[in-house]
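A.B. asks: My questions all concern the structure below.
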Amino acid sequence: MLWGEVNLKMDLACNCKYQMFFGRNLNSITCKGLALIVIALFLRVVLLPSFSGYGGIDKKNLDLVHSRSLSLDSDNGIRKDKFLEVPQIVWGLNNQKIAFARACLTARMLNRTLLMPSLSASLFYKEIDRLQPISFDKVFQFERFNSFCNGFVQLGSYSDLRNQTGVYELQKGSGRKWTVERDLDQLKQLSKDPFDGYEVIRIVGKNPFLWHDHWPVKDYARVFECLVLVDEIAREADRVVSKIREVGKEMSSRIGSAQSDFSPDSSLLEPVPYVAVHMRIEIDWMIHCKKLERKLNVSEICSSKREIMERVGNIAGLKGPTVIYLAVADSLLEDSSVLTGWKEGLLPVEKNKLGVDGIYKKYPYLIQSAIDYEVCSKADVFVGNSFSTFSSLVALERTQKMIRMGVTSSCGADVRWPSYAYNILGESNGPHKWMTNMSDSSLKAISYGSNIITC
């Protein structure tokens, strides 16, 4: 067909030549234009490489070449016409955040946009059929994510699909024989033809949290920074934080009034600091951590209620009156003993005592966890367990904030956004200072409590 087009244009060019001989110079511009078209078509036929076994180029392949050139030359660097689809993301909030980030980084490796995945509002570890799906944009802001992560990773919606090619479905490998190296090799193959020609690559099988990890901590941290709660959930978290600070201000005001007959100190007008403690002492956690201690042959994973109270009370520079917000499992909310036995000057509260349990009860498990995560993240001091995924991601986010402020170490200095691990003994019998090691080559260290910069 292309040679027919060339012959047709050459005929037109010859006609122009004859017209010029007859003195019709008004058409000279048209003829010059047609001559250029002839040259362009000739070069197209001769120089364009062949992609098919028969020396020809079909329209489908031509469109593929065109779309690739547009994608690779795009401003963002991530193709917006090629997509990766992953299974529903499940389990706890922070397991889901890790799974989501891993899916994003997989899509980045393939130079594809990640189709917005479904999260899980409920928490059922074994009963997959009872998992309640919830759209990503019901929890986190879709547009803000793409704005903050622009050029690094990209989220897309199913309405972006053009359905020009079929979907390539890939079953993720599993079992002991499916090594990190084999998994990485599989991903590299997906970035080549013929797989790369598909508009959508759909990975089926296990939850992305269980996929092999190929990316450094700093890449995960960058994805986490782009996750911004939707306004409704963010406002609920702010209400809880305000209530905590309100309790602290009332306590400070009472103590100030008892000590002096003069007007209240101007410092009472400032936001009252609070400490957030992610207290893992529920039965299922204690069973899990005891097994982990035996497996790893260590003794610094489990912490008793008494040990947590003592170590928090020994944090250097922590002075009363201070509110201690306890982020605890619902099973502990009826256990009044978690509120007693604290050092004088420390006022422990949890959602029931704080009177904000009604805020949490309006939402499913995932949203409740997101609110608690935000409350812990915004605390003036955070104390958690270094073997807990929840605690580890809070500490990672706070480390990122410190790095943004130019702080590279929390050792021997009073810094903003300090974090501590109560399961590891620190100075003055207090909890160990905790700053995430951002140079780790994978997120695996977070799962085993070793991602801490030591002083």
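A.B. asks: Just the Kirkwood number for the stretch 277-405, please: inverse of mean 1/r across all distinct Cα pairs, in Å, one decimal.
C.D. replies: One decimal place: 15.8 Å for the Kirkwood radius.
A.B. asks: Now a separate question. From the gyration tensor of the Cα coordinates in the stretch 354-448, what semi-axes in whole Å does the equivalent ellipsoid have, largest first, with each one equal to sqrt(5λ)?
C.D. replies: Working from the Cα gyration tensor, I get semi-axes of 25, 16, 14 Å.
A.B. asks: Still on this structure: Give a residue-ordered list of calculated ³J(HN,Hα) values for the stretch 324-335 (Karplus: 6.51 cos²θ - 1.76 cosθ + 1.60, θ = phi - 60°; whole Hz; x for Gly, Pro).
C.D. replies: Here the 3J(HN,Hα) series is 10, 8, 9, 8, 10, 5, 4, 5, 9, 5, 8, 8 Hz.
A.B. asks: Starting with the highest mean, order 174-182, 333-341, 81-89 by the number of other Cβ atoms within 10 Å, averaged over the residues of each peptide.
C.D. replies: Order by mean packing, descending: 81-89, 333-341, 174-182.
A.B. asks: Give the whole-number value, in cubic angstrom per residue, of the convex hull volume spanned by the C-alpha atoms of the stretch 96-196.
C.D. replies: That works out to 143 Å³ per residue.
A.B. asks: Right, next: Where the eigenvalues come from the Cα gyration tensor of the stretch 293-338, what are the semi-axes √(5λ) of the equivalent ellipsoid, largest first, in whole Å?
C.D. replies: The answer is 24, 18, 8 Å, longest axis first.
A.B. asks: What are the ³J(HN,Hα) values, in whole Hz, obtained from phi via the Karplus relation 6.51 cos²θ - 1.76 cosθ + 1.60 with θ = phi - 60°, for each residue of the stretch 89-95 in sequence order, with x given for Gly and Pro?
C.D. replies: 8, 10, 5, x, 3, 7, 4
A.B. asks: Taking amide H atoms as placed 1.01 Å from N in the peptide plane, list the residues 5 or more away in sequence, or in a different chain, whose amide H sits under 5 Å from that of Trp91.
C.D. replies: Phe124
A.B. asks: Using θ = phi - 60° and the Karplus form 6.51 cos²θ - 1.76 cosθ + 1.60, what ³J(HN,Hα) does each residue of the stretch 348-364 get, whole Hz, x for Gly and Pro?
C.D. replies: After applying 6.51 cos²θ - 1.76 cosθ + 1.60, I find x, 9, 10, 4, 5, 5, 6, x, 10, 4, x, 5, 5, 5, 6, 10, x Hz.
A.B. asks: Here is a further query. Under a no-solvent Debye model with one identical scatterer per Cα of the stretch 211-258, what's log10 I(q)/I(0) at q = 0.30 Å⁻¹?
C.D. replies: With no solvent term, the Cα-only Debye profile gives -1.00.
A.B. asks: Can you order the peptides 95-103, 315-323 by their average number of other Cβ atoms within 10 Å per residue, highest first?
C.D. replies: Peptide ranking by packing, descending: 95-103, 315-323.
A.B. asks: Out of residues 5 or more away from Phe83 or on other chains, whose amide H comes under 5 Å of its own, with H placed 1.01 Å from N in the peptide plane?
C.D. replies: Thr113, Val200, Ile201
A.B. asks: What are the principal axis extents of the Cα atoms in the stretch 367-413, in Å, biggest first?
C.D. replies: Result, largest extent first: 34, 21, 14 Å.
A.B. asks: For the pairs Lys97/Lys290; Lys97/Lys188; Lys353/Lys378, flag any whose C-alpha to C-alpha distance is greater than 22 Å.
C.D. replies: Distance filter (> 22 Å) returns Lys97/Lys290; Lys97/Lys188.
Since every read-out is calculated from the coordinates, none of them should be taken as a lab result. Note that the coordinates shown come from a computational prediction; the quantities given were computed from them, not determined experimentally. A quick note on method: Cβ atoms are made from the backbone with ideal geometry, for glycine too, and the neighbour counts reach across all protein chains shown.
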